[in-house]
1. Under a plain spin-label model, where a point goes 7 Å from the Cα along Cα-to-Cβ, how far apart in nm are residue 75 and residue 138?
2. Over segment 180-254, what is the relative contact order in percent, taking alpha-carbon pairs closer than 8 angstrom and at least six residues apart?
3. Within a Cβ distance under 13 Å of residue 100, other residues only, what is the Lys/Arg minus Asp/Glu net charge?
4. On the full set of protein chains, 1.4 Å probe, figure out the accessible area of residue 112 and give it in Å² to the nearest 10.
5. If r is the Cβ-Cβ distance from residue 201 to residue 251 and R0 is 30 Å, what FRET efficiency results, to the nearest 0.05?
6. Just to make sure I understand: if all protein chains stay in place, what is the order of 212, 251 by accessible area at 1.4 Å, largest first?
7. From the cross-link list 151/209; 151/254; 128/180, which pairs have alpha carbons spaced over 30 Å apart?
8. Between residue 187 and residue 109, what length comes free when the chain is fully extended (0.36 nm per residue of separation minus the Cα-Cα distance, one decimal in nm)?
Amino acid sequence: MATISSLTTPLPTSTKLALSRNQSKPSFQILKPANPFNHFPKFTHLHKILNTKAPQRLFAVAEETAPAAAVDPSSEAARRLYVGNIPRTLTNEELTKIVEEHGAVEKAEVMYDKYSGRSRRFAFVTMKTAEDANAAIEKLNGTEIGGREIKVNITEKPLQSLDLPSLQSDESQFVDSPYKVYVGNLAKTVATDTLKNFFSKKGNVLSAKVSRVPGTSKSSGFGFVTFSSGEDVEVAISSFNNSLLEGQPIRVNKA
């Protein structure tokens, strides 16, 4: 007579191994895929984004998709130098000779005030290559020309669009006159309205303006004030030369 045990079909070895696990607490770890996108290389990063245990990866992915734009070393912006605090008598030719000792110069231009014709004590020098520009900065920044310590660096950042209207308005509204004074050693914080109000205390001011480094909102450290008469000019010079404006002694003379 056949027994029950003799009728039982032996289970496959793999099945016996599966059944030998603790079935009261089944483990699903072997069923959890490490990354459901492993077969789709272009989408593997989605697994990290969707993983709630690592939300910080969202920021890393965002940064990778918007890299900062690098400055083209061959562009003029990377080759153009600002040279500040130069002597008033320095010419384009003299500046070129000084700078070309440290690299090939494409163009040198001393900036002059269009009203007085005086040097504005700064210039722009365009070098042949970015390497020449960097060499000139390293060798010349902080050195002296004509007893003045010069500043040499890559040109200032362009104005933000919001700054342009107000500065263009200052320039267009300036009223020139033969009765005009030059105001030097201005604090960087002095604005056109401040300058005009200051000189209005002692005379009839027609207009005033603070000069700025071309293409930037940075003050050049000087300005001009126009009057309605020569008498007002004399009064302004005698009253305000060496006086303090926003904590800094100013120089006032005829323009």
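1. Here the answer is 2.4 nm between the modelled labels.
2. Here the relative contact order equals 41 percent.
3. Net of charged neighbours comes to -1.
4. Around 100 Å² of this residue is reachable by solvent.
5. The value I calculate is 0.95.
6. Sorted descending by solvent-accessible area, the residues read 251, 212.
7. 128/180
8. 25.6 nm
The values are calculated or read from the model by the stated rules, or taken from the named source; none is laboratory data. These figures come from a predicted structure and were not determined experimentally. Note that we place each Cβ from the backbone using ideal geometry, even for glycine, and neighbour counts take in every protein chain shown. Calculation scope for accessible area: heavy atoms of the full protein, side chains included, ligands and nucleic acids excluded. Shrake-Rupley method; radii C 1.70, N 1.55, O 1.52, S 1.80 Å.
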